[in-house]
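Here is the structure we will look at.
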Amino acid sequence: MAKSAAADDVFHALADSTRRKVLERLSLGPATVSELAEPFDMKLPSFVQHLAVLEKSRLVKSEKTGRVRTFEVAPQGFKVVETWLAQQRRIWESRLDRLDDYLHQLKQKESES
């Protein structure tokens with residue numbers, strides 16, 4: 001159940017384009033809240049809520065030095081997504097393999113007729 005909740009948090013965080021853009025920016029390196037907020041046309045309190053969602057999902061981590069909070073990507077947070085996608089890939093590859101086998105059988109029966 002805990003893994004499911006963690007996956008829900010991560011996918012919720014990734015569902016928003018603003019948060020995805022923040023992650024793209026953070027992939028270049030750590031940044032302060034002000035630096036991250038600059039390109040967005042929204043009030044700082046609203047933007048900070050996006051950062052809180054990212055931090056809750058463990059996709060980013062922050063550190064406060066004095067009055068400045070700096071964020072950086074937390075790569076281990078993406079493991080939840082990677083694991084879920086790998087499971088889905090295995091499921092769909094298996095289904096498609098069975099479909100391929102079935103279609104080959106149909107084709108073989110058709111050529112025998």
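Residues are listed down the side, and each one gets a yes or a no for (1) free of Cβ contacts under 8 Å to residues at least 40 places away in the same chain; (2) open to solvent by less than 90 Å² (accessible area, probe 1.4 Å); (3) in contact with a Ser or Thr (Cβ under 8 Å, 6 or more places away or on another chain); (4) assigned to a helix (DSSP H, G or I):
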residue: ARG20; (1), (2), (3), (4): yes, no, no, yes
residue: LEU28; (1), (2), (3), (4): yes, no, no, no
residue: ASP41; (1), (2), (3), (4): yes, no, no, no
residue: GLU72; (1), (2), (3), (4): no, yes, yes, no
residue: LEU99; (1), (2), (3), (4): yes, yes, no, yes
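Table: residues versus (1) in contact with a Ser or Thr (Cβ under 6 Å, 6 or more places away or on another chain); (2) part of a helix (DSSP H, G or I); (3) in contact (Cβ under 8 Å) with a residue 24 or more places away in the chain.
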site: VAL53; (1), (2), (3): no, yes, yes
site: LYS61; (1), (2), (3): no, no, no
site: VAL80; (1), (2), (3): no, yes, yes
site: ARG90; (1), (2), (3): no, yes, no
site: GLN105; (1), (2), (3): no, yes, no
site: LYS109; (1), (2), (3): no, yes, no
task = Being open to solvent by 40 Å² or more (accessible area, probe 1.4 Å) and among the hydrophobic types (A, V, I, L, M, F, W, C) is the filter; apply it to segment 43-70 and report the residue that is nearest to VAL10 (Cα to Cα).
result = ALA52
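The values are calculated or read from the model by the stated rules, or taken from the named source; none is laboratory data. Predicted model, so just to flag it, every value in this text is computed and none were measured. Using ideal geometry, Cβ is built from the backbone for each residue, glycine included, and neighbour counts are taken over all protein chains shown. The accessibility values were calculated without ligands, DNA or RNA, using every heavy atom of the protein model including side chains. Shrake-Rupley method; radii C 1.70, N 1.55, O 1.52, S 1.80 Å.
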